[in-house]
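The values are calculated or read from the model by the stated rules, or taken from the named source; none is laboratory data. What you are looking at is a predicted structure, and each value in this text was computed from that prediction instead of being measured. Virtual Cβ from ideal backbone geometry, glycine too; neighbours counted across all protein chains shown. Note: accessible area is taken over every heavy atom of the protein model, side chains too, but ligands, DNA and RNA are not part of it. Shrake-Rupley method; radii C 1.70, N 1.55, O 1.52, S 1.80 Å.
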Amino acid sequence: MEIGITTFVETTPDVHTGKVISHAERIREVVEEIVLADKVGLDVFGVGEHHREDFACSAPAVLLAAAASQTKHIKLTSAVSVLSSDDPVRLYQEFSTVDAISNGRAEIMAGRGSFIESFPLFGYDLQDYDELYDEKLDLLLKIRESEKVTWSGKHRPSINNLGIYPRPVQTQIPVWIASGGTPQSAVRAGVLGLPLVLAIIGGSPLQFAPIVELYKRAAKQAGHDVSKLKVASHSHGFVGETTDSAKDKFYPPTAQVMNVLGKERGWGTYTRKTFDEASSLEGALYVGDVATVAEKIIFLRKNVGITRFMLHVPVGSMPHEDVLRAIELLGTEVAPIVRAEIERWEAETENTL
């Protein structure tokens, strides 16, 4: 059971002062957060790609490369790379470079992107949203499989037996399919035999259990070894000294961001009632003290089949020291509880078969 962190490198106004941290300062803070995550024994750190004022990182590979030279063990991944509007050749080259600096710890989460600012920025038509992703994923996987590539498509110039460099330290850079939970994405990941990461940020996580089963079924039918499949969740949350203090710190910036996005996307108002309901055992928010968050992660593993849990913190701007403390608690206290219980549960399950 892998446990880690994701961030969108947020630069939203502080809910108490209205102050907005600079992009440069927030980027430096995230490097510090990755270094701490490595120090406290977390398995993975993911950085999202956005092209808007309220998120500071448009180039995850650059930020991850800065952290790679200061860390020893933690896996470094995009969360996600907006593959549809990127060039697969450059994306692969960038993460091969991260892989070199980190000595084999780079990963890519390939997504369509729930934010669409990158499409007009790089000259793509949203009407080609699905076609762009399918085509570019095909090219990315071909580059991963072979040093020299021959490929042709509709939305990018053809490649005729050209080498793509540098090659990574790893035999293959792991490429995860990132999904909001659509059946189509789960089937695609299963057919390709690729690991699947689900954005479990609303409703009940139990609703994703059928998606995981669909993924495994598609993989099995395609001839892949189901026992080797990996499924991750990306879920909002925060670990505090007490559950009440964690909620009181995490709710205001989360509500601020969710309501801004809600106006853009036509969602209902995000309230404290919404937040508290989502913080229940079967809700999608992982907010509370060490025992509470550990219990929820264990529940997710046992009932949905998640093999990697990534806590997305913060959602809106929070004091850096609070984020660092949450990372510390996740690594030093939550993770050992989860790993011990999952090891015990799996051994018990195996003995009853």
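Brief remarks follow.
- Hits in region 212-225 (condition: surrounded by 13 or more Cβ atoms within 10 Å (Cβ to Cβ), more than 22 Å from the chain's Cα centre (by Cα) and part of a helix (DSSP H, G or I)): R217, A218, K220
- Residues in region 61-85 that are assigned to a strand (DSSP E or B) and either of a type in the set (D, E) or closer than 12 Å to N103 by Cα (or both) were compared, and the one that is most open to solvent (accessible area, probe 1.4 Å) is K75.
- Filter result for G113 (at pLDDT below 95, open to solvent by 10 Å² or more (accessible area, probe 1.4 Å), assigned to a loop (DSSP other than H, G, I, E, B) and not aliphatic (A, V, I, L, M)): yes
- If you filter region 210-253 down to residues that are of a type in the set (S, T, N, Q) and free of Cβ contacts under 8 Å to residues at least 40 places away in the same chain, you find that the one that is farthest from S185 (Cα to Cα) is S245.
- Residues that are out of contact with any strand residue (DSSP E or B) (no Cβ under 6 Å at 6 or more places or on another chain) and either in a loop (DSSP other than H, G, I, E, B) or open to solvent by less than 30 Å² (accessible area, probe 1.4 Å) (or both), drawn from region 180-199: T182, A186, G190, G193
- Counted residues, region 233-260 - those being among the aromatic types (F, W, Y), open to solvent by less than 10 Å² (accessible area, probe 1.4 Å) and farther than 13 Å from A326 by Cβ: 0
- Test: residue in region 117-135 that is under 23 Å from T12 (Cβ atoms), open to solvent by less than 10 Å² (accessible area, probe 1.4 Å) and assigned to a helix (DSSP H, G or I): yes
- Residue within region 129-148 that is of a type in the set (F, W, Y) and modelled with pLDDT under 95 present: yes
- Selection within region 1-60 - open to solvent by 40 Å² or more (accessible area, probe 1.4 Å), assigned to a helix (DSSP H, G or I) and farther than 12 Å from L76 by Cα: H23, A24, E25, I27, R28, E32, K39
- Which listed residue, of E94, E107, is under 26 Å from S146 (Cβ atoms), at pLDDT 95 or above, of a type in the set (D, E) and open to solvent by 40 Å² or more (accessible area, probe 1.4 Å): E94
Here is a yes/no grid of residues against (1) loosely packed, with under 15 Cβ neighbours inside 10 Å; (2) small (G, A, S):
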| site | (1), (2) |
| --- | --- |
| G262 | yes, yes |
| D276 | yes, no |
| A291 | yes, yes |
| P314 | no, no |
| E333 | no, no |
| P336 | yes, no |
| T352 | yes, no |
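- Every residue from region 164-179 that is farther than 18 Å from T307 by Cα and in contact with a strand residue (DSSP E or B) (Cβ under 9 Å, 6 or more places away or on another chain): I164, P168, V169, Q170, I173
- Looking across region 148-174, the residues that are open to solvent by 90 Å² or more (accessible area, probe 1.4 Å), under 21 Å from F95 (Cα atoms) and either in contact with a Leu (Cβ under 7 Å, 6 or more places away or on another chain) or in a loop (DSSP other than H, G, I, E, B) (or both) come down to K148, Y165, T171.
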